[in-house]
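The values are calculated or read from the model by the stated rules, or taken from the named source; none is laboratory data. Source: prediction; values computed, not measured. In this analysis, Cβ positions are derived from the backbone assuming ideal geometry, glycine residues included, and neighbour counts consider all displayed protein chains. Remember, those area values only see protein heavy atoms, side chains included, never the ligands or the DNA or RNA. Shrake-Rupley method; radii C 1.70, N 1.55, O 1.52, S 1.80 Å.
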Amino acid sequence: NGDLRVVSTKIEHPSLAKPLAAAAAREEFHLDFIPIDRQGHWDLNAVALAKADVLITTAAHNETGLLAPLAELEQRIGPQTIWCLDAAQSFAREKIPPARADFVVVSGHKVGAPAGCGAILLRNQAKTLPVPFLGGGQETGLRPGTEAWVLHHTFGAVCAQIDEIREENQLLRGFRDQVEHRLTHSWHGAEVLFGERPRLPNTSAITLPGVNGEALRMAIDVSGVCVGFGAACSALAPEPSPALLSLGLTPQEARATLRISLPPGIQADPLDQALTHLQKVGERLLQK
């Protein structure tokens, strides 16, 4: 109903942000946002978290790697608040989600399983909510339809090794820092978003001031190096990332922000070659 109070942020993944905005526009609930500034500070005093009926947050931002202040959020929300936590990015790279989260969403392909599988953990107050899907009685009545059991079996096997996977991902922190050091020293004026804040060990978002974003995309694509711009599911969209704009970046800065995500097992030599290509691209564009 329209009296329901939902709190979220403007850096949520489009798969959450767009349905939230659409439902709020239909006046199904009242939607507030926790402000997050360009330094990565969450202004938890700006909204009445203790009075929220639902809190929807991402544990780690997909475009910048910024980690949410989960411990502070847990302390601020009321006992009646239903906390929905998007752990797709963080589950394989950080510690386990807090037990207070009622919904925890995990995506299989972010863990190392095939695309098309994942999990929604329901606990605490989430267990008392009505099932939103109607249909057949598969999956013990939680949702209709027959599950892709081969994919989910693979997902379960991968999750059985989650501690080792997290340790392997944490080893990427040194490579991430190397990437940022080399590019910011060769790209004059380049800015690492949230460089001083807690972030995922494998993700960097770097903004090149004064560079045409479309030219940057084309030049990097020609170089053969795979990087991201905005959310991966909308990387080819001409509009600047709404999440980056909400953080205070200008449209030009948002278009000229590239996201570098390092995979487990990456080797030093291929990374060095990729960085050399990126350095040359940035230097050439910054000279124009």
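Rounded to the nearest 500, the 222 nm mean residue ellipticity of the chain from helices alone is -9500 deg cm²/dmol, with -39,500 (n - 2.57) taken per DSSP H run of at least 4 residues.
Net charge in the neighbourhood of ALA24 (other residues with Cβ under 15 Å of its Cβ; Lys, Arg +1, Asp, Glu -1) is -2.
The accessible surface of region 245-288, taken with every protein chain in place and a 1.4 Å probe, is 52 percent carbon and sulfur.
Average projection, convex hull of the Cα set of region 169-288: 7.1 square nanometres. With both residues required to sit in region 57-186, DSSP beta bridges show an antiparallel share near 55%.
Using the Cβ-Cβ distance between GLU28 and GLN75 with R0 set to 30 Å, the FRET efficiency works out to roughly 0.60.
When the Cα gyration tensor is reduced to axis lengths a ≥ b ≥ c, the ratio a/c is 1.5 or higher for region 21-156, and with a/b not above b/c it is classed as oblate. The antiparallel fraction among DSSP beta bridges confined to the chain stands at about 55%. Bridge orientation summary for region 39-112: considering DSSP beta bridges with both residues in this region, about 10 percent are antiparallel. Neighbours of ASP43 by Cβ distance under 15 Å: Lys/Arg scored +1, Asp/Glu scored -1, total +1. Taking θ as phi - 60° and the Karplus parameters 6.51, -1.76 and 1.60, the scalar couplings of region 195-207 work out to x, 9, 9, x, 9, 4, x, 10, 10, 10, 10, 10, 9 Hz in sequence order, x denoting glycine and proline.
In a reduced charge model with +1 at each Lys and Arg Cβ and -1 at each Asp and Glu Cβ, region 1-141 shows a dipole moment near 240 debye about its Cα centre.
Judged by the mean number of other Cβ atoms found within 10 Å, the most tightly packed of the peptides 84-95, 188-199, 121-132, 216-227 leads the ranking 84-95, 188-199, 216-227, 121-132.
Placing unit charges on each Cβ (+1 for Lys and Arg, -1 for Asp and Glu) gives the chain a dipole about its Cα centre, and among LEU121, GLY136, ALA17 the Cα reaching farthest toward its positive end belongs to ALA17.
Across the options ASN202, GLY189, PRO97, the greatest Cα extent toward the positive end of the charge dipole of the chain (unit charges at beta carbon of Lys, Arg, Asp, Glu) belongs to GLY189.
Placing +1 on each Lys and Arg Cβ and -1 on each Asp and Glu Cβ, with no other charges, gives region 72-214 a dipole about its Cα centre of roughly 220 debye. Of the residues GLN273, LEU171, LEU262, the one whose Cα sits farthest towards the positive end of the charge dipole of the chain is GLN273 (charges of +1 on Lys and Arg Cβ, -1 on Asp and Glu Cβ, taken about the Cα centre).
Here region 145-288 is treated with +1 on each Lys and Arg Cβ and -1 on each Asp and Glu Cβ, and its dipole about the Cα centre works out to around 420 debye.
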